Amino acid sequence: MDEIGQKLRNARIKKGYTIDDLQQITKIQKRYLIAIEEGQFDHLPGDFYVRAFIKQYSDAVGMSSDDLLEEYKAEIPNSQPTQEAKPEETKTRSIKEESNSFFSNLGNYIPQIIVGIVVLVIIGVIAFGMVHRNQNASSVTIPKDNTTQTTKKTTKKTTIKKTTTKAKKSTSSELTVKESSTEGTYTITNAPSSGLKVVVEGSGGQAWVQFSEGSNTTWQQALSADEKKSTTVPSDTTTFSIQTGNVTNTKITIDGKDVDLSKSQSGSTIVKTLTFNIEK
């Protein structure tokens, strides 16, 4: 038996808990609790759940999860995604240098720009005076045809009404999220061109969540009760998935619309992968 698993098992026995008792307290499946005690971390759903489940186990039996994870950090898989900041800093510096160079060069042409503007203003004034003089010289009084004007006004009103009706119809399309015949698979229609705002929340308890766009993992985190994590999915994304280690304590909102997870939450297992396909 692995040393960290032995420590957790001894703490559980000292508390007087059985595996079944611990399953009710932590909401972690019995087979995963046994795998932790046996040190068989490869039997868990993924590296992310190893740290999350050990933390939940140790808190339930009265051990310090932070001290335990720090003591055995060499044995516990680390699933935190790495971030590269240097390329972004290089891009920012390059943009600033280009901007400074542009304004520096622009200052050399300011006198020529001012002269050009003055010349254009003078030409405009002369042209306006000539046109106004020609209009006064050739003006002829023509009787107004009220019938024609009335017809034109009526036509304009009709056109405006039609345009307004079309505008209302075009804005009537709203985003919809509908579960397909396959459990855990959803279809999103009428997605906005600005992207989708997806909010994942730990509802009523802790939830372990991994968010992926296509085949790339965007983030993964253990959400406590009422803790929210917001993500904006780009408009060019066609599919994203949310893997949760506790679907009964998971709530998902897409652009302000709650996703119906009742079918997934009523299943026999709490570990679920929810897939969302975006129709263009």
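With a point put 7 Å past each Cα toward its Cβ, work out how far Y109 is from V199 in nm, to one decimal.
4.8 nm
Where in the range 244-278 does the amide nitrogen come within less than 12 Å of the point 7 Å from the Cα of S180, taken along Cα to Cβ?
275-278
Please report, in debye to the nearest 20, how large the charge dipole of the range 3-71 is about its Cα centre when each Lys and Arg carries +1 at its beta carbon and each Asp and Glu carries -1 there.
That gives a dipole near 340 debye.
At a Förster distance of 25 Å, what's the computed FRET efficiency of N10 paired with S224, Cβ-Cβ distance as r, to 0.05?
It comes to 0.40.
Using the structure shown, list the pairs from K7/K251; K27/K178; K14/K55; K27/K55; K228/K280; K30/K257 with a Cα-Cα distance above 24 Å, or answer none.
Beyond 24 Å between Cα atoms: K7/K251; K27/K178; K228/K280; K30/K257.
Quick one: length gained pulling T189 to T237 fully straight, 0.36 nm per residue minus the C-alpha distance?
Once the chain is fully extended between T189 and T237, it gains 16.0 nm.
Which order, highest average first, do 39-46, 255-262 follow once you tally other Cβ atoms within 10 Å for each residue and take the mean per peptide?
The packing order, highest mean first, is 39-46, 255-262.
Is the range 1-67 best put as rounded, prolate or oblate by its Cα gyration tensor, with a ≥ b ≥ c the root eigenvalues, rounded for a/c under 1.5, and otherwise prolate when a/b is larger than b/c, oblate when not?
Here the range 1-67 falls in the rounded category.
Where does each of 50-62, 120-132 land if you order them by average Cβ count within 10 Å, highest first?
The peptides rank, most packed first, as 50-62, 120-132.
Principal axis lengths of the range 176-278 from Cα atoms, whole Å, largest first?
Largest first, the range 176-278 extends 34, 28, 25 Å along its Cα principal axes.
None of the figures in this text is laboratory data; all of them are computed from the coordinates on show. Note that the structure is predicted; figures quoted are calculated from it, not measured. Ideal geometry is used to build each Cβ from the backbone, glycine not excepted, and the neighbour counts take in all protein chains shown.
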